[in-house]
1. Quick test of your reading of the structure: residue 115 fulfils all but one of (1) over 20 Å from the mean Cα position of the chain (by Cα); (2) assigned to a strand (DSSP E or B); (3) under 30 Å from residue 43 (Cβ atoms). Name the failing condition by number.
2. Within the stretch 35-53, restricting attention to residues that are in a helix (DSSP H, G or I), out of contact with any strand residue (DSSP E or B) (no Cβ under 9 Å at 6 or more places or on another chain) and in contact (Cβ under 8 Å) with a residue 60 or more places away in the chain, which residue is surrounded by the most Cβ atoms within 10 Å (Cβ to Cβ)?
3. Quickly run through the stretch 207-225 and pick out the residues that are surrounded by fewer than 18 Cβ atoms within 10 Å (Cβ to Cβ) and in contact with a helix residue (DSSP H, G or I) (Cβ under 8 Å, 6 or more places away or on another chain).
4. Let me spell it out: the conditions are (1) buried (at least 16 other Cβ atoms within 10 Å of the Cβ); (2) touching a strand residue (DSSP E or B) at 6+ places or on another chain (Cβ under 7 Å); (3) under 30 Å from residue 114 (Cβ atoms), and residue 157 meets all of them except one. Which number is the exception?
5. Identify the single condition in (1) in contact (Cβ under 8 Å) with a residue 24 or more places away in the chain; (2) more than 17 Å from residue 187 (Cβ to Cβ); (3) surrounded by fewer than 23 Cβ atoms within 10 Å (Cβ to Cβ) that residue 303 does not satisfy, given that it satisfies every other one.
6. Over 18 Å from the mean Cα position of the chain (by Cα) and within 27 Å of residue 18 (Cβ to Cβ), is that true of residue 219?
7. Out of all the residues in the stretch 307-314, is one or more within 26 Å of residue 48 (Cβ to Cβ) and in contact (Cβ under 8 Å) with a residue 24 or more places away in the chain?
8. Examine the stretch 194-202 for a residue that is more than 21 Å from residue 69 (Cα to Cα) and either modelled with pLDDT of 85 or more or in a loop (DSSP other than H, G, I, E, B) (or both), and state whether such a residue exists.
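The values are calculated or read from the model by the stated rules, or taken from the named source; none is laboratory data. Predicted model, so just to flag it, every value in this text is computed and none were measured. No Cβ is skipped: glycine too gets one built from the backbone with ideal geometry, and neighbour counts run over all protein chains shown.
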(Lines give C-alpha, C1' and ligand atoms only; values in the text may rest on other atoms or scores of the structure.)
Protein backbone atom coordinates (compact mmCIF):
# COMPACT_ATOMS: atom_id res chain seq x y z
CA UNK A 1 0.00 0.00 0.00
CA UNK A 2 1.31 3.46 -0.89
CA UNK A 3 2.26 5.71 2.02
CA UNK A 4 1.48 8.89 0.06
CA UNK A 5 -1.04 11.10 1.86
CA UNK A 6 -3.97 11.83 -0.45
CA UNK A 7 -6.38 14.74 -0.20
CA UNK A 8 -9.22 12.46 0.84
CA UNK A 9 -7.08 10.99 3.64
CA UNK A 10 -6.32 14.49 4.91
CA UNK A 11 -9.95 15.55 5.35
CA UNK A 12 -11.75 14.47 8.50
CA UNK A 13 -15.42 14.86 9.32
CA UNK A 14 -15.19 15.95 12.94
CA UNK A 15 -14.54 19.36 14.43
CA UNK A 16 -14.60 22.85 12.87
CA UNK A 17 -12.98 22.84 9.41
CA UNK A 18 -10.32 25.41 10.30
CA UNK A 19 -9.22 23.51 13.40
CA UNK A 20 -9.25 20.23 11.51
CA UNK A 21 -7.18 21.74 8.70
CA UNK A 22 -4.54 23.05 11.08
CA UNK A 23 -4.42 19.84 13.09
CA UNK A 24 -4.12 17.74 9.95
CA UNK A 25 -1.41 20.02 8.60
CA UNK A 26 0.65 19.46 11.73
CA UNK A 27 0.27 15.68 11.36
CA UNK A 28 1.19 15.66 7.68
CA UNK A 29 4.13 18.00 8.22
CA UNK A 30 5.39 15.65 10.93
CA UNK A 31 5.17 12.71 8.51
CA UNK A 32 7.22 14.65 6.00
CA UNK A 33 9.72 15.66 8.67
CA UNK A 34 10.09 12.04 9.80
CA UNK A 35 10.76 10.89 6.25
CA UNK A 36 13.41 13.56 5.70
CA UNK A 37 15.08 12.82 9.05
CA UNK A 38 15.19 9.10 8.20
CA UNK A 39 17.67 10.01 5.47
CA UNK A 40 19.34 13.22 6.67
CA UNK A 41 21.18 13.33 9.99
CA UNK A 42 20.63 16.91 11.14
CA UNK A 43 18.97 18.73 14.05
CA UNK A 44 15.18 18.53 13.91
CA UNK A 45 14.91 22.31 14.03
CA UNK A 46 17.11 22.63 10.94
CA UNK A 47 14.92 20.22 8.96
CA UNK A 48 11.71 21.79 10.23
CA UNK A 49 12.96 25.22 9.17
CA UNK A 50 13.78 23.85 5.72
CA UNK A 51 10.12 22.85 5.34
CA UNK A 52 9.00 26.44 5.95
CA UNK A 53 9.83 27.35 2.38
CA UNK A 54 7.56 24.64 1.05
CA UNK A 55 4.44 25.37 3.08
CA UNK A 56 4.84 29.16 3.40
CA UNK A 57 5.28 29.61 -0.37
CA UNK A 58 8.86 30.80 -0.01
CA UNK A 59 12.30 29.48 -0.86
CA UNK A 60 15.21 28.08 1.13
CA UNK A 61 18.91 29.00 1.09
CA UNK A 62 21.28 26.45 2.64
CA UNK A 63 24.66 28.01 3.47
CA UNK A 64 27.49 26.13 5.12
CA UNK A 65 30.75 24.26 4.72
CA UNK A 66 31.11 21.70 1.92
CA UNK A 67 30.06 18.17 2.76
CA UNK A 68 27.67 18.80 5.67
CA UNK A 69 24.52 17.70 3.83
CA UNK A 70 23.10 20.79 2.11
CA UNK A 71 22.42 19.07 -1.21
CA UNK A 72 21.13 15.97 0.57
CA UNK A 73 18.52 18.03 2.44
CA UNK A 74 17.25 19.63 -0.75
CA UNK A 75 17.16 16.34 -2.63
CA UNK A 76 15.44 14.47 0.22
CA UNK A 77 12.71 17.10 0.68
CA UNK A 78 11.96 16.82 -3.05
CA UNK A 79 11.92 13.02 -2.96
CA UNK A 80 9.48 13.04 -0.04
CA UNK A 81 6.83 14.76 -2.17
CA UNK A 82 5.08 13.19 -5.16
CA UNK A 83 5.99 16.01 -7.55
CA UNK A 84 8.27 17.04 -10.41
CA UNK A 85 11.84 17.61 -9.26
CA UNK A 86 14.77 19.11 -11.15
CA UNK A 87 18.34 19.65 -10.07
CA UNK A 88 20.34 22.46 -11.66
CA UNK A 89 24.09 22.38 -11.14
CA UNK A 90 25.22 25.99 -11.29
CA UNK A 91 28.52 26.58 -13.09
CA UNK A 92 30.22 29.71 -14.50
CA UNK A 93 29.16 28.82 -18.07
CA UNK A 94 25.47 28.26 -17.22
CA UNK A 95 23.20 30.60 -19.22
CA UNK A 96 19.79 32.02 -18.25
CA UNK A 97 18.19 30.08 -21.11
CA UNK A 98 19.62 26.88 -19.63
CA UNK A 99 17.30 27.51 -16.68
CA UNK A 100 14.18 29.13 -18.13
CA UNK A 101 14.15 27.50 -21.57
CA UNK A 102 14.21 28.95 -25.05
CA UNK A 103 12.33 29.04 -28.35
CA UNK A 104 13.49 26.73 -31.12
CA UNK A 105 12.54 27.04 -34.77
CA UNK A 106 10.73 24.00 -36.18
CA UNK A 107 11.67 23.88 -39.85
CA UNK A 108 8.95 21.34 -40.71
CA UNK A 109 6.16 23.42 -39.21
CA UNK A 110 7.85 26.75 -39.99
CA UNK A 111 7.21 28.04 -36.51
CA UNK A 112 8.97 28.68 -33.23
CA UNK A 113 8.26 26.32 -30.36
CA UNK A 114 9.10 26.91 -26.72
CA UNK A 115 11.29 24.27 -25.08
CA UNK A 116 10.82 24.53 -21.32
CA UNK A 117 13.88 24.63 -19.10
CA UNK A 118 14.32 22.83 -15.77
CA UNK A 119 12.72 25.73 -13.88
CA UNK A 120 9.35 24.28 -14.87
CA UNK A 121 9.16 21.82 -12.00
CA UNK A 122 7.63 21.82 -8.52
CA UNK A 123 10.89 21.60 -6.58
CA UNK A 124 14.15 23.03 -7.92
CA UNK A 125 17.49 22.24 -6.33
CA UNK A 126 19.82 25.08 -7.32
CA UNK A 127 23.10 23.46 -6.34
CA UNK A 128 26.03 25.81 -5.62
CA UNK A 129 24.03 28.78 -6.84
CA UNK A 130 26.89 31.22 -6.29
CA UNK A 131 29.07 29.49 -8.90
CA UNK A 132 27.00 31.01 -11.73
CA UNK A 133 27.42 34.59 -12.91
CA UNK A 134 25.11 37.44 -11.86
CA UNK A 135 23.17 37.33 -15.14
CA UNK A 136 22.29 33.68 -14.63
CA UNK A 137 21.52 34.19 -10.96
CA UNK A 138 19.11 36.99 -11.85
CA UNK A 139 17.16 34.68 -14.16
CA UNK A 140 15.71 33.16 -10.99
CA UNK A 141 14.45 36.47 -9.56
CA UNK A 142 11.15 36.62 -11.44
CA UNK A 143 10.51 32.91 -10.94
CA UNK A 144 11.09 33.07 -7.19
CA UNK A 145 9.15 36.30 -6.61
CA UNK A 146 6.22 35.93 -9.01
CA UNK A 147 6.12 32.20 -9.82
CA UNK A 148 6.45 32.91 -13.52
CA UNK A 149 9.11 33.47 -16.18
CA UNK A 150 9.22 35.80 -19.17
CA UNK A 151 10.67 34.32 -22.35
CA UNK A 152 10.75 36.28 -25.62
CA UNK A 153 8.03 38.60 -24.37
CA UNK A 154 5.69 35.82 -23.26
CA UNK A 155 4.85 35.20 -19.61
CA UNK A 156 4.69 31.55 -18.65
CA UNK A 157 3.35 30.44 -15.28
CA UNK A 158 5.29 27.95 -13.21
CA UNK A 159 3.65 24.84 -11.73
CA UNK A 160 2.31 24.87 -8.19
CA UNK A 161 3.63 24.23 -5.65
CA UNK A 162 6.93 25.84 -6.64
CA UNK A 163 9.97 25.76 -4.34
CA UNK A 164 13.60 26.67 -4.90
CA UNK A 165 16.12 25.12 -2.53
CA UNK A 166 19.53 26.68 -3.18
CA UNK A 167 22.88 25.70 -1.71
CA UNK A 168 26.12 27.62 -1.48
CA UNK A 169 29.45 27.13 0.27
CA UNK A 170 30.13 30.35 2.12
CA UNK A 171 33.66 29.26 3.03
CA UNK A 172 34.79 29.11 -0.57
CA UNK A 173 35.60 32.20 -2.63
CA UNK A 174 37.43 30.93 -5.71
CA UNK A 175 35.23 30.82 -8.78
CA UNK A 176 32.13 32.11 -7.01
CA UNK A 177 29.90 35.15 -7.38
CA UNK A 178 28.30 36.44 -4.17
CA UNK A 179 24.51 36.58 -4.24
CA UNK A 180 23.23 40.17 -4.49
CA UNK A 181 21.00 41.42 -1.70
CA UNK A 182 17.96 41.42 -4.00
CA UNK A 183 18.54 37.72 -4.64
CA UNK A 184 18.97 36.87 -0.97
CA UNK A 185 15.76 38.73 -0.19
CA UNK A 186 13.83 36.23 -2.34
CA UNK A 187 14.68 33.42 0.08
CA UNK A 188 12.21 33.08 2.93
CA UNK A 189 14.78 31.45 5.21
CA UNK A 190 18.52 30.89 5.25
CA UNK A 191 19.87 27.92 7.18
CA UNK A 192 23.31 26.91 8.36
CA UNK A 193 23.70 23.22 9.16
CA UNK A 194 27.01 23.05 10.98
CA UNK A 195 29.27 20.09 11.62
CA UNK A 196 27.60 17.06 13.23
CA UNK A 197 28.33 15.89 16.74
CA UNK A 198 30.52 12.77 17.06
CA UNK A 199 27.38 10.72 17.74
CA UNK A 200 25.62 12.11 14.65
CA UNK A 201 28.69 11.54 12.50
CA UNK A 202 28.75 7.89 13.57
CA UNK A 203 25.07 7.70 12.55
CA UNK A 204 25.92 9.18 9.14
CA UNK A 205 28.59 6.53 8.61
CA UNK A 206 26.21 3.79 9.69
CA UNK A 207 23.51 4.90 7.26
CA UNK A 208 25.93 5.26 4.35
CA UNK A 209 27.94 2.06 4.80
CA UNK A 210 25.86 0.30 2.13
CA UNK A 211 25.01 3.43 0.14
CA UNK A 212 22.93 6.43 1.10
CA UNK A 213 19.24 5.72 1.75
CA UNK A 214 16.61 7.52 -0.31
CA UNK A 215 13.28 8.98 0.72
CA UNK A 216 9.92 7.91 -0.67
CA UNK A 217 6.93 10.22 -1.20
CA UNK A 218 4.68 10.65 1.83
CA UNK A 219 2.63 13.58 0.56
CA UNK A 220 1.19 14.70 -2.77
CA UNK A 221 1.71 18.04 -4.49
CA UNK A 222 -2.05 18.63 -4.32
CA UNK A 223 -1.93 18.19 -0.55
CA UNK A 224 0.97 20.65 -0.37
CA UNK A 225 -1.22 23.26 -2.07
CA UNK A 226 -3.95 22.64 0.50
CA UNK A 227 -1.46 23.02 3.33
CA UNK A 228 -0.16 26.26 1.83
CA UNK A 229 -3.71 27.65 1.86
CA UNK A 230 -4.10 26.59 5.49
CA UNK A 231 -0.88 28.39 6.45
CA UNK A 232 -2.10 31.60 4.85
CA UNK A 233 -5.30 31.41 6.92
CA UNK A 234 -3.48 31.27 10.28
CA UNK A 235 -4.62 34.25 12.36
CA UNK A 236 -2.18 37.05 13.15
CA UNK A 237 -3.41 39.54 15.75
CA UNK A 238 -2.78 43.26 15.61
CA UNK A 239 -0.45 42.98 18.64
CA UNK A 240 1.70 40.35 16.88
CA UNK A 241 1.82 42.44 13.69
CA UNK A 242 2.96 45.43 15.73
CA UNK A 243 5.59 43.23 17.37
CA UNK A 244 6.91 42.20 13.94
CA UNK A 245 7.08 45.84 12.84
CA UNK A 246 8.89 46.83 16.03
CA UNK A 247 11.45 44.05 15.52
CA UNK A 248 11.98 45.23 11.94
CA UNK A 249 12.46 48.84 13.14
CA UNK A 250 14.93 47.64 15.76
CA UNK A 251 17.10 46.11 13.03
CA UNK A 252 16.96 49.33 11.00
CA UNK A 253 17.96 51.44 14.00
CA UNK A 254 20.72 49.12 15.21
CA UNK A 255 24.05 51.02 15.17
CA UNK A 256 25.92 48.14 13.52
CA UNK A 257 23.42 47.76 10.66
CA UNK A 258 23.62 49.67 7.38
CA UNK A 259 20.32 48.41 5.98
CA UNK A 260 17.79 46.65 8.17
CA UNK A 261 14.79 44.49 7.47
CA UNK A 262 12.61 45.78 4.63
CA UNK A 263 8.78 45.74 4.64
CA UNK A 264 8.98 42.74 2.30
CA UNK A 265 11.15 41.06 4.92
CA UNK A 266 8.55 41.87 7.59
CA UNK A 267 5.89 40.18 5.46
CA UNK A 268 8.17 37.18 5.08
CA UNK A 269 8.63 37.01 8.85
CA UNK A 270 4.86 37.08 9.36
CA UNK A 271 4.35 34.28 6.81
CA UNK A 272 7.09 32.16 8.36
CA UNK A 273 5.56 32.67 11.82
CA UNK A 274 2.17 31.56 10.47
CA UNK A 275 3.74 28.35 9.21
CA UNK A 276 5.68 27.83 12.45
CA UNK A 277 2.41 28.10 14.39
CA UNK A 278 0.69 25.67 12.01
CA UNK A 279 3.49 23.14 12.56
CA UNK A 280 2.56 23.32 16.23
CA UNK A 281 -1.11 22.67 15.43
CA UNK A 282 -2.25 26.20 16.32
CA UNK A 283 -4.50 28.45 14.28
CA UNK A 284 -2.93 31.66 15.60
CA UNK A 285 0.55 33.21 15.82
CA UNK A 286 2.20 34.10 19.11
CA UNK A 287 5.14 36.45 19.69
CA UNK A 288 7.11 33.31 20.54
CA UNK A 289 6.62 32.01 17.00
CA UNK A 290 8.04 35.25 15.63
CA UNK A 291 11.05 35.15 17.95
CA UNK A 292 11.72 31.46 17.29
CA UNK A 293 12.02 31.85 13.54
CA UNK A 294 13.28 35.47 13.37
CA UNK A 295 16.98 34.72 12.92
CA UNK A 296 16.43 32.33 9.98
CA UNK A 297 14.24 34.91 8.22
CA UNK A 298 16.07 38.14 9.05
CA UNK A 299 19.82 37.43 9.36
CA UNK A 300 20.57 36.92 5.64
CA UNK A 301 18.63 40.08 4.77
CA UNK A 302 20.70 42.46 6.89
CA UNK A 303 23.49 44.60 5.45
CA UNK A 304 25.99 45.27 8.20
CA UNK A 305 27.84 48.55 8.42
CA UNK A 306 31.52 48.83 7.43
CA UNK A 307 33.88 47.50 10.06
CA UNK A 308 31.14 45.82 12.04
CA UNK A 309 32.34 42.72 13.88
CA UNK A 310 28.87 41.70 15.05
CA UNK A 311 27.33 38.75 13.24
CA UNK A 312 23.90 39.12 11.66
CA UNK A 313 22.56 36.40 13.97
CA UNK A 314 23.75 38.27 17.06
CA UNK A 315 22.28 41.46 15.64
CA UNK A 316 18.87 39.82 15.32
CA UNK A 317 19.16 38.54 18.89
CA UNK A 318 19.92 42.05 20.16
CA UNK A 319 17.01 43.48 18.16
CA UNK A 320 14.65 40.92 19.72
CA UNK A 321 15.94 41.71 23.23
CA UNK A 322 15.30 45.43 22.71
CA UNK A 323 11.64 44.99 21.75
CA UNK A 324 9.01 44.49 24.48
CA UNK A 325 7.04 41.28 23.98
CA UNK A 326 3.28 41.88 23.91
CA UNK A 327 1.31 40.15 26.63
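1. Condition (3) is where residue 115 drops out.
2. It comes out as 36.
3. Selection gives 212, 213, 214, 216, 222.
4. (1)
5. (2)
6. Working: over 18 Å from the mean Cα position of the chain (by Cα): no; within 27 Å of residue 18 (Cβ to Cβ): yes.
Judged against the criteria, residue 219 is not a match.
7. Scanning the stretch 307-314 turns up no residue that is within 26 Å of residue 48 (Cβ to Cβ) and in contact (Cβ under 8 Å) with a residue 24 or more places away in the chain.
8. Pass one, the stretch 194-202, residues more than 21 Å from residue 69 (Cα to Cα): none.
No.
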